[in-house]
Every structure is written in structure tokens, then in C-alpha cells.
Amino acid sequence: MNLIVNLCLLALPCIRLFANASPAKSEWIELSYPFSSETIYWPTGKSFNHTTEYANYTADGYYFSSYRISASEHGGTHLDSPIHFNKGGWSTDQIPLDRLIGHAIKIDVSSKAAQNPDYQLMPSDLEAWEESHGNIPYDAIILVFNGWGKYWPDKRTYLGTDTKNTSLLHFPGIHPSTCRWLINNRKIKLVGIDTASIDHGQSTQFESHRILYAENIPGLENVAHMDKLPAKGFTVYAAPMFIVGGSGGPCRIFAHFDANRCMVNLVDGLKSLNGFLWAALVLYALRFLFSRVLVRG
Ligand SMILES: *[C@@H]1O[C@H](CO)[C@@H](O)[C@H](O)[C@H]1NC(C)=O
Ligand SMILES: *[C@@H]1O[C@H](CO)[C@@H](O)[C@H](O)[C@H]1NC(C)=O
Ligand SMILES: *[C@@H]1O[C@H](CO)[C@@H](O)[C@H](O)[C@H]1NC(C)=O
Ligand SMILES: [Zn+2]
């Protein structure tokens, strides 16, 4: 009886541990929004236009459809090429494939962004992430999660305005000092965010764009469904439309969980267990062992 009670008590912290570590259901995560007339573009841009060239049965009796697309480069889930803010930087066709695929991490500042739509990711947020998860891996893709996807595709809440007045834009971004911190202290290949721009909505100088693109580090904007990603242990694939001379372009982005994600999550889960649970675990383990010794004695 005592043994069963002790085992149950021992199991409690373990259940908590595995609940924390539970991996997502699917191996593959879609990180793009589909393109349609609803897709959000920068206020000064031209929206996605998909018109019919032909969609019907032909005189020969078979079905045929073909449509025409047009849009600005910077709208929906898209890539920013370094040349967007750096005259000598890579255009979309010049970015090597290995710069668009790689190990990624997610930095979650959604609780701060929920309090402040003008929030900017600070170096202290990176330091806090590293305290829980270890150093940002070499040549990583950094995804910044503000929880902004819940507003998509409502322009008023997602951008702060549904007008063309860019002074009214309010959404979170990355602080320029954080970009400098990343460049000076870590080696990263790509940065993504779940808002319309890596600089926050109120930016007029676009410093984070300029700092990162000066180093040929491209950006991903309007990245979708980041809530489904863990803090680390996944690979991101960003496949932009292959536009010669492009300053960016529509981009299919998706993630795949690394094979060792269970181990990674378990270690993170262990690290995030609070003091009380640790104390309970140790206490009941000792008590369990002690009671076994007494029973035998
Ligand atoms: C979309 O394209 C079609 C065909 O080129 C054009 O007639 C129409 O005005 C465009 N719509 C918008 C909203 O730009
Ligand atoms: C499709 O083709 C049929 C004849 O095969 C015609 O009656 C109809 O109007 C066409 N529809 C459209 C939308 O063009
Ligand atoms: C845009 O919004 C700002 C801030 O409210 C305002 O001062 C400015 O007059 C607006 N500009 C236009 C063209 O409406
Ligand atoms: Zn852009």
C-alpha cells in the first residue's frame, strides 16, 4: 500500500515533465499563409490579384484552367532579400540555398507583445532564451514569436491600421540593438518574424533591416503558425519565388522536427521544472528507497 502511494506521488512530477515535453502532432509544420485577395500587403503595396484567363471545358471536351497573378513583392508570407535595404546585397536569385534552410530556434515574446503592440525584441530576450535552452546554435535561423498570427488577416489589428497611412502602423519588431548583438556575438543565417516587418510598425528608419541586410542576412516576414513550434529542435525551409533581381518575394516556409526532438524537449522540460517539483521528486524518491530498505530490514 505504502509502495503504491509512493509510486503515485513519484509519478506526479514525471507526468508534469512529460506534459511539458510533449512534441507536436505532425512532423511537418506549415509556416506560410496562403495567397488570396485576403492576404495582407504593406499599405503602399499592391495586393495579390488572381484573375481567370480560362476556366472551363474546351471545344474538344476536356477541362482547362489557367489564371494570372500579380502583386507587390512584399506582402503575405515573404522573403526580404538583402538588396531590399543594401544596394550591394544579394537579390532573391543570388541567395545561396544553404542560407534559406537550417536549424532554427523560436524566441517567444508573446506575453510582452500582448501588453505592448510596439514591443521590440531586446538583447535581454536572447539572453533569457539562452539561459533556458543553451547558446543559440551556430548558423541558426532565428524566429521571433509575438503571437501576432491570431490577428491575421484583419489589417486593423494585425497592422494597426487598414488605411494607407504608415504613421498608424503598430505591431512588434526586432530592436536594432538586438540585431547588432546577434551579429557581434553569434553566427546566424536568417531571421523571421510573425508580423509584417522585422522593424516594429512605428519604425521610420528601418534600422534592423539595414543592419541585418548589410551582413547579407535575409528576413522572413508574416511567418505563420509559429505557435506550433517548440523553442528549438526543428529545421526551417524557406523557398521564395526565384525572381532575378528581386528585392524579396512570396515564400513558402515550413519546418520539420529534428529526429532527436524528444531528447531536446525532455532536457528542456527538466530544466524548466520548478523548484517545488524538483524537491518533491527528490523527497519522494528518497522516501521510496527508504521504505524499501525498511521493508527488507
Ligand atoms: C486584377 O487584374 C485584372 C486583370 O489584369 C484587372 O482587370 C483588375 O483590375 C485587377 N484588380 C485589382 C484589384 O488590381
Ligand atoms: C463554359 O462553356 C460552356 C460551353 O461549353 C458555356 O455554355 C459557358 O457559358 C462557359 N462558361 C463560362 C464561365 O465561360
Ligand atoms: C497619418 O497619421 C498621422 C498620425 O495620426 C497624422 O498625423 C497624419 O496627418 C496622417 N497622414 C495622412 C496623410 O492622413
Ligand atoms: Zn518585406
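The values are calculated or read from the model by the stated rules, or taken from the named source; none is laboratory data. Since the model is a prediction, treat every value here as computed from it, not as a measurement. FYI the Cβ positions are ideal-geometry reconstructions off the backbone, even for glycines, and counts take in every protein chain you see.
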Long-range neighbours under 7 Å by Cβ, at least six apart or interchain, first residue more than 16 Å from ligand 2 (Cβ to nearest atom) within region 242-257, second at pLDDT below 95 and of a type outside the set (A, V, I, L, M, F, W, C): H256/E27; F257/P23; F257/E27
Entirely in region 163-264, the strands (runs of 3 or more DSSP E) that have 3 or more residues that are of a type in the set (A, V, I, L, M) and farther than 18 Å from G45 by Cα: 188-193, 232-240
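Per-residue answers, yes or no, for (1) surrounded by 15 or more Cβ atoms within 10 Å (Cβ to Cβ); (2) among the aliphatic types (A, V, I, L, M); (3) closer than 14 Å to V191 by Cα:
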{"position": "I69", "(1), (2), (3)": "no, yes, no"}
{"position": "G76", "(1), (2), (3)": "yes, no, no"}
{"position": "N86", "(1), (2), (3)": "yes, no, no"}
{"position": "I101", "(1), (2), (3)": "yes, yes, yes"}
{"position": "V109", "(1), (2), (3)": "yes, yes, no"}
{"position": "L121", "(1), (2), (3)": "yes, yes, yes"}
{"position": "L126", "(1), (2), (3)": "yes, yes, yes"}
{"position": "I136", "(1), (2), (3)": "yes, yes, yes"}
Show the residue pairs meeting these rules: Cβ distance below 7 Å; 6+ apart or different chains; first residue within region 135-147 and more than 15 Å from I174 (Cβ to Cβ); second residue in a loop (DSSP other than H, G, I, E, B) and not polar (S, T, N, Q). Y138/K187; D139/K187
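Yes/no matrix, rows are residues, columns are (1) closer than 25 Å to G134 by Cα; (2) more than 15 Å from ligand 4 (Cβ to nearest atom); (3) among the β-branched types (V, I, T):
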| residue | (1), (2), (3) |
| --- | --- |
| T178 | yes, yes, yes |
| L182 | yes, yes, no |
| Q205 | no, yes, no |
| E215 | yes, yes, no |
| V236 | yes, yes, yes |
If we keep only residues of region 156-179 that are among the aliphatic types (A, V, I, L, M) and buried (at least 19 other Cβ atoms within 10 Å of the Cβ), then the residue farthest from ligand 1 (Cβ to nearest atom) is I174
Looking at L281, L190, which one is closer than 30 Å to W148 by Cβ and either modelled with pLDDT under 95 or surrounded by 16 or more Cβ atoms within 10 Å (Cβ to Cβ) (or both)? L190
